[in-house]
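Q: So that we are looking at the same thing, I have put the structure below in structure tokens.
The values are calculated or read from the model by the stated rules, or taken from the named source; none is laboratory data. Since this is a predicted model, take the numbers as computed values, not measurements. Heads up, the Cβs are rebuilt from the backbone with ideal geometry, glycines too, and the neighbour counts pull from every protein chain shown.
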């Protein structure tokens with residue numbers, strides 16, 4: 001490399017680094033909040049309607065706040081009328097979350113997520129279930 005190309009190389013390298021730092025790549029865990037529901041202390045059914053209708057989601061997860069929730073059944077309802085039954089039968093403690101749940105199929109525009117549950121903490125304040133999606 002001759003001496004003329006060295007400053008040009010460093011100028012180009014500096015420009016590329018400054019662009020890379022100014023606009024970081026989208027993180028792999030860039031989960032979007034899709035909605036939440038306050039749940040009571042008995043066996044019940046609730047749903048979270050998704051208002052973010054642009055685009056599709058590849059995965060979802062549920063987070064639980066305030067009080068433990070035992071999920072008995074979860075169904076994802078899509079905008080095209082399809083329904084996907086998610087295998088999720090476990091207790092999620094307050095502050096915990098489900099695994100990332102992969103969604104099947106091509107048209108994954110979520111209309112709502114319906115879940116059957118029971119709250120295991122009878123005397124505490126109601127739990128909050130939050131729904132997140134990953135594109």
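Q: So, residue 69, is that one modelled with pLDDT under 95 and buried (at least 18 other Cβ atoms within 10 Å of the Cβ) or not?
A: Taking the combined requirement at face value, the residue satisfies it.
Q: Out of the residues in the stretch 108-133 meeting the condition of being at pLDDT 85 or above and outside any strand (DSSP E or B), tell me which one is nearest to the chain's Cα centre (by Cα).
A: So in the stretch 108-133, the residues at pLDDT 85 or above come out as 109-117, 126-133.
Retained after the next criterion (residues that are outside any strand (DSSP E or B)): 109, 126.
Values: 109: 13, 126: 22 Å.
Within the stretch 108-133, the match that is nearest to the chain's Cα centre (by Cα) is 109.
Q: Could you say whether any residue in the stretch 83-96 is free of Cβ contacts under 8 Å to residues at least 12 places away in the same chain, part of a strand (DSSP E or B) and out of contact with any helix residue (DSSP H, G or I) (no Cβ under 6 Å at 6 or more places or on another chain)?
A: Checked the stretch 83-96: at least one residue is free of Cβ contacts under 8 Å to residues at least 12 places away in the same chain, part of a strand (DSSP E or B) and out of contact with any helix residue (DSSP H, G or I) (no Cβ under 6 Å at 6 or more places or on another chain).
Q: For residues in the stretch 83-99 being surrounded by 14 or more Cβ atoms within 10 Å (Cβ to Cβ) and more than 18 Å from residue 66 (Cα to Cα), which is modelled with the lowest pLDDT?
A: That would be 88.
Q: Still on this structure, please answer the following. Name the single residue, out of those in the stretch 19-47 being within 13 Å of the chain's Cα centre (by Cα) and either closer than 16 Å to residue 131 by Cα or surrounded by 11 or more Cβ atoms within 10 Å (Cβ to Cβ) (or both), that is modelled with the lowest pLDDT.
A: The selected residue is 29.
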